[in-house]
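The values are calculated or read from the model by the stated rules, or taken from the named source; none is laboratory data. Quick caveat, the model's predicted, so the values are computed rather than measured. FYI the Cβ positions are ideal-geometry reconstructions off the backbone, even for glycines, and counts take in every protein chain you see.
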Amino acid sequence: MTVYYVYILQCSDKTYYTGVTSNLNQRLLEHKKGLHKGSYTYFRRPIQLVYYCEFTNIEIAIEKEKQIKKWSKAKKEALINNQYELLPNLAKKKFD
(Lines give C-alpha, C1' and ligand atoms only; values in the text may rest on other atoms or scores of the structure.)
Protein backbone atom coordinates (compact mmCIF):
# COMPACT_ATOMS: atom_id res chain seq x y z
CA MET A 1 0.00 0.00 0.00
CA THR A 2 1.40 3.38 -1.01
CA VAL A 3 1.46 6.12 1.59
CA TYR A 4 1.06 9.74 0.46
CA TYR A 5 2.23 12.68 2.52
CA VAL A 6 0.83 16.19 2.70
CA TYR A 7 3.57 18.36 4.12
CA ILE A 8 4.24 21.95 5.09
CA LEU A 9 7.66 23.55 4.85
CA GLN A 10 8.67 26.77 6.52
CA CYS A 11 10.85 28.80 4.20
CA SER A 12 13.68 31.17 5.13
CA ASP A 13 11.35 34.15 4.56
CA LYS A 14 8.87 32.69 7.12
CA THR A 15 6.33 31.76 4.44
CA TYR A 16 4.90 28.26 4.16
CA TYR A 17 4.91 25.86 1.25
CA THR A 18 2.42 22.98 1.15
CA GLY A 19 2.98 19.94 -1.05
CA VAL A 20 2.06 16.29 -1.56
CA THR A 21 4.37 13.36 -2.30
CA SER A 22 4.67 9.61 -2.00
CA ASN A 23 8.33 9.84 -0.91
CA LEU A 24 8.74 12.49 1.78
CA ASN A 25 12.48 12.04 2.37
CA GLN A 26 13.32 12.28 -1.33
CA ARG A 27 11.07 15.30 -1.83
CA LEU A 28 12.63 17.10 1.13
CA LEU A 29 16.09 16.51 -0.32
CA GLU A 30 14.92 17.94 -3.66
CA HIS A 31 13.63 21.07 -1.91
CA LYS A 32 16.79 21.44 0.20
CA LYS A 33 19.14 20.97 -2.78
CA GLY A 34 17.07 23.24 -5.03
CA LEU A 35 16.70 20.68 -7.80
CA HIS A 36 13.65 22.43 -9.27
CA LYS A 37 14.65 26.00 -10.09
CA GLY A 38 11.06 27.05 -10.80
CA SER A 39 9.86 25.80 -7.42
CA TYR A 40 8.42 28.20 -4.83
CA THR A 41 11.07 27.09 -2.34
CA TYR A 42 14.09 27.49 -4.64
CA PHE A 43 14.89 31.10 -3.68
CA ARG A 44 13.49 30.67 -0.15
CA ARG A 45 15.98 28.11 1.11
CA PRO A 46 16.86 26.90 3.64
CA ILE A 47 13.57 25.20 4.35
CA GLN A 48 12.37 23.21 7.34
CA LEU A 49 9.70 20.52 7.54
CA VAL A 50 7.18 21.72 10.14
CA TYR A 51 4.21 19.42 9.51
CA TYR A 52 3.17 16.31 7.66
CA CYS A 53 0.30 13.83 7.66
CA GLU A 54 -0.18 10.50 5.91
CA PHE A 55 -2.88 9.26 3.55
CA THR A 56 -3.44 6.00 1.70
CA ASN A 57 -5.69 7.60 -0.92
CA ILE A 58 -4.00 10.02 -3.34
CA GLU A 59 -7.25 11.82 -4.17
CA ILE A 60 -7.84 12.65 -0.51
CA ALA A 61 -4.20 13.73 -0.09
CA ILE A 62 -4.43 16.10 -3.07
CA GLU A 63 -7.75 17.47 -1.81
CA LYS A 64 -6.20 18.17 1.63
CA GLU A 65 -3.14 19.80 0.05
CA LYS A 66 -5.35 22.14 -2.00
CA GLN A 67 -7.42 22.95 1.07
CA ILE A 68 -4.39 23.84 3.21
CA LYS A 69 -2.87 25.96 0.42
CA LYS A 70 -5.93 28.24 0.64
CA TRP A 71 -5.60 28.71 4.39
CA SER A 72 -4.29 31.84 6.07
CA LYS A 73 -0.86 31.80 7.68
CA ALA A 74 -2.55 31.83 11.12
CA LYS A 75 -4.61 28.77 10.28
CA LYS A 76 -1.56 26.89 8.96
CA GLU A 77 0.31 27.75 12.16
CA ALA A 78 -2.58 26.45 14.28
CA LEU A 79 -2.36 23.15 12.36
CA ILE A 80 1.44 23.04 12.72
CA ASN A 81 1.14 23.70 16.47
CA ASN A 82 -1.58 21.06 17.00
CA GLN A 83 -4.11 23.74 17.97
CA TYR A 84 -6.95 22.00 16.19
CA GLU A 85 -9.62 23.73 18.24
CA LEU A 86 -8.64 27.06 16.61
CA LEU A 87 -9.02 25.86 13.01
CA PRO A 88 -12.78 26.44 12.56
CA ASN A 89 -12.55 30.09 13.63
CA LEU A 90 -9.56 31.15 11.55
CA ALA A 91 -10.61 32.78 8.29
CA LYS A 92 -8.50 33.35 5.19
CA LYS A 93 -7.21 36.80 6.07
CA LYS A 94 -4.18 38.39 7.71
CA PHE A 95 -3.77 38.24 11.45
CA ASP A 96 -1.16 39.93 13.62
Between a residue in the stretch 8-34 that is among the hydroxyl-bearing types (Ser, Thr, Tyr) and any residue that is surrounded by fewer than 19 Cβ atoms within 10 Å (Cβ to Cβ) and in a strand (DSSP E or B), which pairs come within a Cβ distance under 8 Å, given they are 6 or more apart or on different chains? Tyr16/Val50
Flagged pairs (Cβ under 8 angstrom, 6 or more apart or on separate chains; first in the stretch 41-62, at positive phi and in contact (Cβ under 8 Å) with a residue 40 or more places away in the chain; second surrounded by 13 or more Cβ atoms within 10 Å (Cβ to Cβ) and among the acidic types (Asp, Glu)) are none
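If you take the residues of the stretch 57-72 that are in contact with a strand residue (DSSP E or B) (Cβ under 7 Å, 6 or more places away or on another chain) and not acidic (Asp, Glu), which of them is nearest to Asp13 (Cα to Cα)?
Lys69
Among the residues of the stretch 16-29, is there at least one that is of a type outside the set (Phe, Trp, Tyr) and at pLDDT below 95?
Within the stretch 16-29, not a single residue is of a type outside the set (Phe, Trp, Tyr) and at pLDDT below 95.
Within the stretch 66-88, can one find any residue that is in a strand (DSSP E or B), in contact with a helix residue (DSSP H, G or I) (Cβ under 8 Å, 6 or more places away or on another chain), under 13 Å from Tyr7 (Cα atoms) and touching a residue at least 24 places away in the same chain (Cβ under 8 Å)?
Among the residues of the stretch 66-88, not one is in a strand (DSSP E or B), in contact with a helix residue (DSSP H, G or I) (Cβ under 8 Å, 6 or more places away or on another chain), under 13 Å from Tyr7 (Cα atoms) and touching a residue at least 24 places away in the same chain (Cβ under 8 Å), which makes the answer no.
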Checking the conditions here, which among His31, His36 is part of a loop (DSSP other than H, G, I, E, B) and within 29 Å of Met1 (Cα to Cα)? His36
Exactly one condition in (1) modelled with pLDDT under 95; (2) surrounded by 15 or more Cβ atoms within 10 Å (Cβ to Cβ); (3) of a type in the set (A, V, I, L, M) is not met by Leu86; state its number. (2)
Name the residues in the stretch 24-45 that are within 24 Å of Trp71 (Cα to Cα) and of a type outside the set (Lys, Arg), would you? Leu24, Leu28, His31, Gly38, Ser39, Tyr40, Thr41, Tyr42, Phe43
Restricting to the stretch 19-28, give me the number of residues that are in a loop (DSSP other than H, G, I, E, B) and touching a helix residue (DSSP H, G or I) at 6+ places or on another chain (Cβ under 9 Å). 1
Based on this model, can you work out whether Ile58 counts as in contact with a His (Cβ under 7 Å, 6 or more places away or on another chain) and of a type in the set (A, V, I, L, M, F, W, C)? no
Of the numbered conditions (1) surrounded by 14 or more Cβ atoms within 10 Å (Cβ to Cβ); (2) out of contact with any helix residue (DSSP H, G or I) (no Cβ under 7 Å at 6 or more places or on another chain); (3) not small (Gly, Ala, Ser), Tyr52 fails exactly one; give the number of that condition. (2)
